[in-house]
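Remarks on the structure that follows.
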Amino acid sequence: MFWLAGRLLHRSADRKRHAQHQHRLLKLAREKDGKLTVLEAATDARMTVEKAEDILRDLAIRGHVEVRVSDSGMMVYHFPEIERWEENRTVRRGR
């Protein structure tokens, strides 16, 4: 019984940590106008490359992020909602 309670607490903590990392990457994407590479995400959000890649891949699978390959062959994760928000903000400032 104690083992099961410990496992449930551990899973809950893992989910909370994952959500915090995801939130950190979303804020970073907003700061970078909706475009991130895995290395930028890992470096700027202070997490491992593997963790950043897992989160970005999960967001892409769920349809929140588009993966594009740059001219130099680098994978870039695009956040369309953030990009549109940035475009609208720029247009409003230019009026």
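Just read off the accessible area of L26 with the full protein assembly in place, 1.4 Å probe, to the nearest 10 Å².
70
Work out, step by step, the length gained on full extension between T48 and K32: first 0.36 nm times the residue separation, then minus their alpha carbon distance; give nm to one decimal.
Working: separation 16, 0.36 × 16 = 5.76 nm, distance 1.90 nm.
That works out to 3.9 nm of additional length.
Could you name the aspartates and glutamates whose alpha carbon sits less than 14 Å from that of K27, not counting residues in the same chain fewer than 8 places away?
E40, D44, E81, E83, E86
Taking θ as phi - 60°, what are the ³J(HN,Hα) couplings along the stretch 46-60 by the Karplus curve (6.51, -1.76, 1.60), each to the nearest whole Hz, with x for Gly and Pro?
In residue order, the calculated couplings are 6, 9, 5, 4, 4, 5, 4, 5, 4, 5, 5, 5, 4, 5, 5 Hz.
Quick one: if the Förster radius is 41 Å, what FRET efficiency do A13 and S72 give, using the C-beta to C-beta distance and rounding to 0.05? Write down the numbers at each step before the final one.
On the way: r = 39 Å, r/R0 = 0.95.
For A13 and S72, the calculated efficiency is 0.60.
On full extension of the chain, what length is gained from R57 through E81, given 0.36 nm per residue of separation minus the C-alpha to C-alpha distance?
Details: separation 24, 0.36 × 24 = 8.64 nm, distance 1.67 nm.
Here the segment from R57 to E81 would lengthen by 7.0 nm.
The values are calculated or read from the model by the stated rules, or taken from the named source; none is laboratory data. What you see is a predicted model, and the numbers here were worked out from it, not measured in a lab. Glycine also receives a Cβ, built like all others from the backbone with ideal geometry; neighbour counts cover every protein chain displayed. Heads up: the accessible areas ignore ligands, DNA and RNA and are worked out on the full protein's heavy atoms, side chains in. Shrake-Rupley method; radii C 1.70, N 1.55, O 1.52, S 1.80 Å.
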